[in-house]
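One structure below.
Bear in mind these aren't lab numbers, they're just calculated from the coordinates by the rules spelled out. Since the model is a prediction, treat every value here as computed from it, not as a measurement. A quick note on method: Cβ atoms are made from the backbone with ideal geometry, for glycine too, and the neighbour counts reach across all protein chains shown.
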Amino acid sequence: MMNNHKQQTVVTGVASAEMIAGTRILRLPQVMKLTGLSRATIFRLEKKEQFAPRVKLSLRAVGWTQESVFAWIDSREHVK
């Protein structure tokens with residue numbers, strides 16, 4: 001059984017372990033396809049905290065929760 005401390009060290013940014021439980025994790029190619037954005041644009045928006053928070057999966061792998069990406073897409077429909 002993984003203790004709460006270890007779970008939280010895997011998760012970075014605004015995302016939390018509770019947010020990830022039972023949620024599908026999307027990798028960069030999937031996020032690019034869903035949003036229509038390039039890698040550079042996604043990372044630029046992330047740096048400005050204007051994109052869904054990333055989840056650190058391992059030392060060199062990140063992803064985004066499907067829920068947070070869809071929420072970001074929905075929020076963009078209201079931007080003009």
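Please list, in order along region 26-34, the HN-Hα scalar couplings obtained from phi with the Karplus expression 6.51 cos²θ - 1.76 cosθ + 1.60 (θ = phi - 60°), rounded to whole Hz, x for Gly and Pro.
Values per residue, Gly and Pro as x: 9, 8, 3, x, 5, 5, 4, 5, 5 Hz.
With r as the distance between the Cβ atoms of LEU57 and GLU77 and R0 = 30 Å, compute the FRET efficiency 1/(1 + (r/R0)^6) and round to 0.05.
0.60
Amide H neighbours of LEU57 under 5 Å, counting only residues 5+ apart in sequence or on other chains, H built in-plane at 1.01 Å?
VAL62, GLY63
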